[in-house]
Amino acid sequence: MAVCRGYSVIVVSELSKSYGDFEALVSVSCTCEPGQIYGIVGHNGAGKTTFLKIVAGLLEPTSGSLHIHGIDAVANPGAMKQSLGYLSEESRLYENMTAQEYLRFFGEIYGIRRDDVDSRARELFEQLSLDPGKKKLGELSKGMKRKVAIARTLLHDPALLIYDEPSSGLDPMTSRFIVDYLKKLKKMGKTILLSAHNLYQIEEACDRVMILKQGNVVIDGSMNEIREHFGSTTYDVWYTPEGEEDAMVRSVSAVGEVEGVLTEISSLGGRVERIETQYPSLEEILVKIENE
């Protein structure tokens, strides 16, 4: 369980969700601190989307408790709508509307004045490098639609964002832009729950990661904690032997062995070029977990 700094935005305890005999989530417990990007990963069917939908108030758990900003979100899910923004894996938009009309529609739902909606829309479009003009949403590219959907989640300035695969199916440039934008939102004080198939993005962006397997929490921690638990760090010493032009590499599994390698290379007249630390990737760790 995460260690809290003062208080936790989300506190989940023994949360379970069943569909008949199928257990989609099994006694999941975790916490998320303010201003964190918290990643939820696992293979298809692990329970990621089910978990996010429960936190967003779209699904009712079978058992367990969920508190968001100290409010019992299971007993009173409607109380959380104003303080969170939810993005599903698919950008389901009203494609006969323009982006401006779309945000005005949701602005009315949130009780935001028209002038404030328009001002907020201009601000968000600028942040997202989005210029939809007067085009209908159905005429926009997939990347532009995704940005409009993200703008909708931010319209009412929620403290908590729940994003399910925000960059799924997008071109690399747009995907990169969205990940960088999530980091900016974190700096603005937003707390973000994030699910993504792109595990490199999870490693890069998230403060903590929860790995699910068949509805169970395998581990919940920082990437350093997860690497230490599931993988070994290696140290690559690149060097050029005496009389040679091409560099070679010696790999050791403990930092204490590096000094011995350096001494040996020096004694043989070689020249050390660099030392690289190699960590197991989240993808490698996930494969290992799935095969256990």
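The values are calculated or read from the model by the stated rules, or taken from the named source; none is laboratory data. Keep in mind that what you see is a predicted model, and the values were worked out from it rather than measured. Cβ sites come from the backbone with ideal geometry, for glycine too, and all protein chains shown count toward neighbours. Please note that ligands, DNA and RNA were not included when accessible areas were found on the heavy atoms of the full protein model with its side chains. Shrake-Rupley method; radii C 1.70, N 1.55, O 1.52, S 1.80 Å.
If you check every pair at least six apart or on different chains, which have Cβ atoms under 9 Å apart with a residue in the stretch 60-74 that is buried (at least 18 other Cβ atoms within 10 Å of the Cβ) and modelled with pLDDT under 95 first and a residue that is in a strand (DSSP E or B) and aromatic (Phe, Trp, Tyr) second? From the stretch 60-74, the pairs are His69/Tyr7. For the stretch 260-292, which residues satisfy the criterion of being outside any helix (DSSP H, G or I), at pLDDT 90 or above, open to solvent by less than 80 Å² (accessible area, probe 1.4 Å) and β-branched (Val, Ile, Thr)? Result: Val272, single match. All told, Gly231 meets the bar of being modelled with pLDDT under 90, of a type in the set (Gly, Ala, Ser) and farther than 20 Å from Ile10 by Cα. I need a count of the residues in the stretch 168-203 that are within 9 Å of the chain's Cα centre (by Cα) and of a type outside the set (A, V, I, L, M, F, W, C). Within the stretch 168-203, residues that are within 9 Å of the chain's Cα centre (by Cα) and of a type outside the set (A, V, I, L, M, F, W, C) number 3. Taking the criterion of being assigned to a helix (DSSP H, G or I), without any contact (Cβ under 8 Å) to a residue 24 or more places away in the chain and not β-branched (Val, Ile, Thr), the residues of the stretch 102-138 that qualify are Arg104, Phe105, Glu108, Arg114, Asp115, Asp116, Asp118, Ser119, Arg122, Glu123, Glu126. Could you tell me whether any residue of the stretch 133-155 is under 19 Å from Gly85 (Cα atoms), open to solvent by 10 Å² or more (accessible area, probe 1.4 Å) and over 25 Å from the mean Cα position of the chain (by Cα)? Checking the stretch 133-155: not a single residue is under 19 Å from Gly85 (Cα atoms), open to solvent by 10 Å² or more (accessible area, probe 1.4 Å) and over 25 Å from the mean Cα position of the chain (by Cα).
Within the stretch 213-232, how many residues are under 19 Å from the mean Cα position of the chain (by Cα) and buried (at least 16 other Cβ atoms within 10 Å of the Cβ)? Adding up the residues that qualify gives 9. On the stretch given as the stretch 187-239, residues that are farther than 21 Å from Asn44 by Cα and assigned to a loop (DSSP other than H, G, I, E, B) total 8. Considering Glu257, Glu245, the condition of being without any contact (Cβ under 8 Å) to a residue 24 or more places away in the chain, of a type outside the set (Lys, Arg), open to solvent by 70 Å² or more (accessible area, probe 1.4 Å) and part of a loop (DSSP other than H, G, I, E, B) is satisfied by Glu245 alone.
Restricted to the stretch 7-45, and to residues there that are charged (D, E, K, R) and touching a Gly at 6+ places or on another chain (Cβ under 6 Å), the residue that is surrounded by the fewest Cβ atoms within 10 Å (Cβ to Cβ) is Glu14.
Of the residues contained in the stretch 77-90, one or more are found to be touching a strand residue (DSSP E or B) at 6+ places or on another chain (Cβ under 8 Å), small (Gly, Ala, Ser) and closer than 15 Å to Asp157 by Cα.
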